[in-house]
Structures are given as structure tokens and as C-alpha cells.
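Every number here is computed from the coordinates shown, using simple stated rules; none is lab data. The structure presented is a predicted model; accordingly, all values stated were derived computationally and were not measured. Glycine gets a Cβ as well: all are built from the backbone with ideal geometry, and neighbour counts include every protein chain shown.
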Amino acid sequence: MNKIKVMSVFGTRPEAIKMAPLVHALNENPEIEPVCCVTAQHREMLDSVLNIFDIKPDYDLNIMSPKQTLADITTKSINGLDDVYKKVKPDLVLVHGDTSTAFAAALTAFYHKIKVGHVEAGLRTFDKYSPYPEEINRRLLGAVSDFHFCPTGNNANNLRREGIERGIYITGNTVIDAIRKTVKPEYRFFSDELKALDLNKYRTILLTAHRRENYGTPLENIMNAVKDLVNEFPDMQVIYPVHLSPAVYDTAHRILDGVPRVHLLSPIDVGDMHNLMARSFLILTDSGGLQEEAPSLGKPVLVLRNETERPEAVEAGTVRVIGVEREDIFNNTAKLLISGDEYDKMSHAVNPYGDGMASNRIVQAILHELLRLPPPADYR
Ligand code: UD1
Ligand code: UDP
């Protein structure tokens, strides 16, 4: 029997975390010949995820360079993937989300007339420059892809409004598949830096920040607001695993080095991250993934951006978009530290992003599209 050849392509930490459950589901399906290719747009941060989820890529383009530009990522990915597609000739290429790797992988597949499945399709802010360049990557991916695996009904409606009618599936987000496997009550941290911290003595605010549109003044505002918060609240500490991007790393260390109760860590592995989230008081972040993970753990999230493409948890009340001004960040965070009522309102667990079955639905949708097997039922 001829199997269908499905190639997963990804390159950054969040893509790897969210593709890992799908890579495993593809590996387990007898109708599918799975192939895994990483661009390694991220190196260390990608390898950490590959390690935790025990994924050994068949192809590794190793494209990362320090302070890489968007053009560097896109051109190196296209050139590398051109060769890989020529050799492997997949029936379907799967890409994830909105990174430059995903866009380049889909465009190159189109050049080879290979079908493209887009995982985490249909997210939109409707603001061309925010997030930058991700909003445009997503819209271009929508145009190039044949199959659109949308986490929510809202995402599917965004695509329909753009005139896309075929190949839309509502699957839930694969990140919920991943987090169901990592969070455990008896979990022990792997990172020595984390092991050395006392999570019982202080209320812990977990911070992450890395978006390109926040480079410069917005990042400085975030760091200064953190300094204001620890000065005002002696019973809290901030744990910040700092992204390896030099634009982020340099700003974070310049402003926060030596500030008492602010702990700047190296990136932590995803098991440590999910379990640290579960043990934190609240989360300050500009990350996309954390906005999806934290609500399922009942942790309030204050988003360090002016918009979000993930309105579902905002509507459910556990996520609030607070912008990137120093005073706004301080005031919104202080409100949750002071008021039990405000905190309680935001800290109920909600799960608008999935039920842990997204990868299975995506595999079923692939088999429906390529082998005419029955389609999956939509998530919600
Ligand atoms: C990328 C994605 C962004 C995603 C983010 C997740 C694009 C354009 N951006 O942004 O959508 O939210 O990943 O983290 O696709 N670096 C290392 N080691 C690593 C990773 C990064 O040294 O393991 C440094 C390198 O100097 C690299 C820089 O970080 O040049 C920036 O990486 P890049 O992938 O260009 O941008 P991110 O901000 O990580
Ligand atoms: N994450 C991690 N270690 C860290 C910081 C984040 O494992 O030190 C995880 C986090 O739990 C989420 C993903 O990385 O699953 C989010 O990645 P990032 O914030 O870099 O990208 P985004 O989601 O904004 O695209």
C-alpha cells in the first residue's frame, strides 16, 4: 500500500512545542509516511524542545545566525527547503502559525505544487505591523495553504470573511495537547536556576517578552515597570526566562541586573515552563503561546501589547491586554496584587483553545483530504 508522505516543517521554539504532539500523531498513523524537517531558525531554543519531546528531525537546515534579519531567515529557508522538497517529494507539507519559517516553507511548497496544511490558521489582529511580521505571514499563509487547521470557530470565521471556503477545519490548538502531558503536581524542576528559587516565600510573577514590535522603548517600559513593582510590593518576586534575541537580552540585563527579587534566567525547557506557570501568581507576557496555555491553568495573564489575535480568553475574562506604557503595566499589575476580588475574577480555569485532541483531528482531516476517509467532527 502506498502511504501518503507528510512533511512537517518548523524552526522556532513555539512551532516545535505546538507541532510536537502532531509529529507524534503522524508517526503513529499506519497510512502516513512522516518526514520531519527543521530550519533551525532557532538553535538552542529549538533543540531543547526536540529533546524534551524526543523528536529527531530527518533534515536540519541549521539556518540561524546571530541578529538574523527577516530576509536572512526567509531566503535561507527557501533555498534549503527547495533542495529538500526536490529530494523528498512530499504529498503534503505541514507548517505552523506565523513565523518566517512557516511562510517560507509554505511558499516553497507552492513553487513545487505540493499541498500545504496550515496548523493554527486564521488568527488575525487586522493590524499589518502588529505583531510584526507575523500578521502578514499569517495572511500570506492563508492564501497559499490548501488546508486550514483553525484552533477556534472565531479563527475559521476570519478565514471565511477573507473568501476562503474549502479545507477549513476547527481542531482546537495543539498546545493544549502538549500542556496536558507536561504539567504534573509532583513535577521537579530541571533548571538549577529554578531549583534555587523559593516559590513559597513570595508571590511569583512570571514574565516573558520578545516581540519584534516591542524592541526598544516598549521593552524598556516593561523592564522599568517591573522595577517599580518589586519596589512597591516586598512580598513578590519576578521570574523572567530571557529570550536569546540580543535585542531582548541586552535590554533586560541593562535595566534589571542586580534588582532585588528579579531573577533573570536562561530560557527554561518547556516542562519547567509549564510547571512554573502552574505555580505562579500571575503572568506578564507578550508571547502568543502563553496566552493560550495560562488560561487552562487558571492563571491571570496581562498581555504586554496593544492588541491580541487571541480574543477568546479575553472574552472569558482570564486575559487582559494592558499595552506597553510603564504606568499602565504598573497599575494593572498592582490592581491584581492588591485586590483579591479582581484576582479571583481572572483566575478561573478556562479552555477556549482546545481539549487535547487537536492533533488527532488534524491527522483525521489529512486522511479525509488525501484518502477520502471520514472527516473529523469540529472542536466545539
Ligand atoms: C521568532 C518568530 C516569532 C516567534 C518567536 C518565538 C519570526 C519572524 N519571528 O522571533 O514569530 O514569536 O520566534 O520565540 O519568525 N537566538 C539564539 N538562539 C536561539 C533562538 C534565538 O541565539 O535558540 C537569537 C539569535 O541571535 C537570533 C535572534 O535570537 O538571530 C532572533 O531570532 P528570530 O527567530 O529572528 O526572532 P525571534 O524574536 O526569536
Ligand atoms: N517557553 C519555554 N521556555 C521559556 C519561555 C517560553 O518553554 O523560557 C514556551 C512557552 O511555554 C510557550 C512557548 O515557549 O509554549 C512560547 O514561545 P515564545 O513566547 O517564544 O513564542 P510565541 O508563542 O510568542 O510565538
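Quick notes
- Mean sequence separation of contacting Cα pairs (under 8 Å, at least six apart), scaled by the length of the chain, corresponds to a relative contact order of 15 percent.
- Using θ = phi - 60° and Karplus 6.51 cos²θ - 1.76 cosθ + 1.60, couplings along the range 185-198 (whole Hz; Gly, Pro as x): x, 8, 4, 10, 5, 8, 5, 5, 4, 6, 4, 7, 9, 9
- Counting only Cα atoms, the range 184-341 measures 36, 36, 29 Å along its principal axes, largest extent leading.
- Dipole axis of the chain (+1 Lys, Arg; -1 Asp, Glu on Cβ), positive-most option in Ile366, Met277, Ser287: Ile366
- Kirkwood Rh in Å, taken over all unlike Cα pairs in the range 277-333: 11.2 Å
- Overall dimensions of the chain as given by Cα atoms, namely Rg and Dmax in Å: 20.3, 67
- All lysines inside 23 Å of Lys181 as judged from Cα atoms, apart from same-chain residues fewer than 8 positions distant: Lys18, Lys56, Lys195, Lys299
- The range 223-257 versus the range 172-199: alpha-carbon centroid distance in Å: 22 Å
- Hull-based mean projected area of the range 152-211, where the convex hull spans the alpha carbons, in square nanometres: 7.4 nm²
- For the chain, the residue among Phe189, Pro234, Val9 whose Cα projects farthest onto the positive side of the dipole built from Cβ charges is Val9.
- For the chain, the longest site-free run once GluC sites (Glu not before Pro) in DSSP loop states with at most 16 other Cβ atoms within 10 Å are removed: 32-161
- Per the Cα gyration tensor, the range 46-97 maps to an equivalent ellipsoid with semi-axes of 19, 19, 10 Å, ordered largest to smallest.
- Values of log10 I(q)/I(0), in the order q = 0.11, 0.12 Å⁻¹, for the range 92-208 under a Debye, Cα-only, solvent-free model: -0.50, -0.57
- Charges were assigned to the Cβ only: +1 to each Lys and Arg, -1 to each Asp and Glu. The resulting dipole of the range 1-99 about its Cα centre is roughly 180 debye.
- DSSP-assigned coil residues among trypsin sites (Lys or Arg not before Pro) in the range 79-164, each with at most 14 further Cβ atoms within 10 Å: Lys113, Lys128
- Lys195/Arg43 FRET efficiency (R0 30 Å; Cβ-Cβ; nearest 0.05): 0.75
- Helix-only CD estimate at 222 nm, as mean residue ellipticity for the chain, using -39500 (n - 2.57) per DSSP H run (n ≥ 4): -14000 deg cm²/dmol
- The range 77-200, dipole about Cα centre (Lys/Arg Cβ +1, Asp/Glu Cβ -1), debye to the nearest 20: 420 debye
- Net charge dipole, the range 228-307: roughly 100 debye, given to the nearest 20, about the Cα centre with Cβ charges of +1 for Lys and Arg and -1 for Asp and Glu.
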